[in-house]
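Everything on this sheet refers to the single structure shown next.
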């Protein structure tokens, strides 16, 4: 064709004349279609797989084979360091199987094999001992996030251990304020939920404190008319764990020569184990 010297070869064997109306028959060709390639995973290790169990209730679980640390942590059930696994889920199954069948302690290989599949009809959650066995892993909370009921179990175990070990130091201190005779409530700029007057509880003071969580007793005394015997009687009657704080009520002092005498009185109570806030105590400006 044209000035081209090459002969144009038309493969008439592969050409098919299409009629105006196609017949309803399959067209056979010599060339087959290529299959779509399956997308390969970039990484070979798989951490999480969600599959349904074979039970009728269709209870879903999550299979976790290792933690998210750079080097997977090894876990073992309490008291059995030889039975180790990198899977938190399989560790929980091992502990559950040992509770039901203690004789499996002598069959570690069978125990490891049984832990590779969910225990039929078991919907229990890890107990505190199992969670403590997993606590050495820095990423355990991130690893088990999303596992059914595991986050609730971890929060419950954390709260129980926190309450057992740190509840007393961390709980909010409850301070009671005791107004001694001659001290008016209006002149005491203290806002506490527990403010009582000595005249109202005299004779039943200890009964009033019984069953409460009083940590400290703030005793507001009239600095110009201090009743040493009454304060000592109150201090001796209180339990030793209650801190007694002696505070001078606001009062107008005409003769400041008495300040030294008042300081000596408060120092005497401090030597007897009472915390004192004397009238001469320097207070920074704008301190609450």
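Here are a few things to note about the model shown:
- Selected residue (criterion: farthest from residue 82 (Cα to Cα)) from residues of region 111-127 that are out of contact with any strand residue (DSSP E or B) (no Cβ under 9 Å at 6 or more places or on another chain) and surrounded by 15 or more Cβ atoms within 10 Å (Cβ to Cβ): 122
- Criterion applied to 246, 206, 224, 162 was being under 30 Å from residue 130 (Cα atoms) and either outside any loop (DSSP other than H, G, I, E, B) or at pLDDT below 75 (or both), and the one residue passing it is 162.
- Residue 189 being under 30 Å from residue 93 (Cα atoms), more than 17 Å from the chain's Cα centre (by Cα) and modelled with pLDDT of 70 or more: no
- Only one of the numbered conditions (1) surrounded by fewer than 12 Cβ atoms within 10 Å (Cβ to Cβ); (2) at pLDDT 90 or above is violated by residue 74, and that is (1).
- Failed condition for residue 142, given (1) modelled with pLDDT of 80 or more; (2) closer than 30 Å to residue 230 by Cβ: (2)
- Condition broken by residue 79, with the remaining ones in (1) loosely packed, with under 12 Cβ neighbours inside 10 Å; (2) under 22 Å from residue 141 (Cα atoms) satisfied: (2)
The values are calculated or read from the model by the stated rules, or taken from the named source; none is laboratory data. Quick caveat, the model's predicted, so the values are computed rather than measured. So basically every Cβ, Gly included, is an ideal-geometry build from the backbone, and we count neighbours across all protein chains shown.
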